[in-house]
1. Condition test on residue 210, is it over 22 Å from residue 304 (Cα atoms), without any contact (Cβ under 8 Å) to a residue 40 or more places away in the chain and within 24 Å of the chain's Cα centre (by Cα)?
2. Looking at this structure, is residue 322 within 17 Å of the chain's Cα centre (by Cα), assigned by TED's automatic domain parsing to the domain that holds residue 275 and on the phi < 0 side of the Ramachandran plot?
3. Does the stretch 46-62 contain any residue that is without any contact (Cβ under 8 Å) to a residue 12 or more places away in the chain and either within 23 Å of residue 276 (Cα to Cα) or outside the structural domain of residue 192 (by TED's automatic domain parsing) (or both)?
């Protein structure tokens, strides 16, 4: 990995114009890793653009360098103007654009820094670790440390934010011992842990509580296929006056709590014919939700994954449930028994 870090430093040093696109539906690790890289590249005097085809949670506006983010699909840019495109926390260039015609000119160097098992290593330089880290920000931390790059409080805050978001404050992930060790190193750089946890967990609006209540009331269980699901249509959101709200993570923690299931999914029609979904496995070594997410055009990890669908809500519901039943039944059949994991 050290040789790849040297290659990354070299291509960054040689580049003048750098693009950092976020993957669709940016999460905490994406925002933390992308902005940390942007801050570093700016410190070298590089021209950097950070773009996202789908909006970042506006509640995260307190994060350092947040104002660098442009709401722009990278497919709408003249990519030939960039020397380097860096894909952080992203299992492939295809995940950064909503358009099918997203192609990168051959003259542009590309690099990926990722921890997703679905990464196909499609870039010029691929720094991919699917076994020993829980987040992309850890790989960026190791890159900075390898070359004694100054990690400011702001950059450390971004890295820590990505780490706690992608591990659910160390509830899940690969090699949690390393995650805790890395967290301690970042905390020594004066990261405002209490403030970040407050921002992450203590900002629920009355509208958010209404959303949670409605979602939980829609909970259903398929005992034969071993999964639960919650679905909310745009019509329901509009009836509650929540059609303009964005509640990205609200219902997903409950997917792991339903006794008698292997996994769960929640999918919400955020606007007409635009559905965003999340998947969670009840156990780290249990049902692989990343495989199901991939079948739905998304991606992620074994225990946590996501997808987006652009189609009428009823069609999306039928598709998600059909795929969930297919994969759930196959998983149960392959094990031959369910009694050891359904406590």
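The values are calculated or read from the model by the stated rules, or taken from the named source; none is laboratory data. Note that the structure is a prediction, hence the values are computed from the model and not measured. Quick reminder, even Gly has a Cβ in these numbers, built from the backbone with ideal geometry, and neighbours come from all protein chains shown.
1. Answer is no for this residue.
2. It is false that residue 322 is within 17 Å of the chain's Cα centre (by Cα), assigned by TED's automatic domain parsing to the domain that holds residue 275 and on the phi < 0 side of the Ramachandran plot.
3. yes
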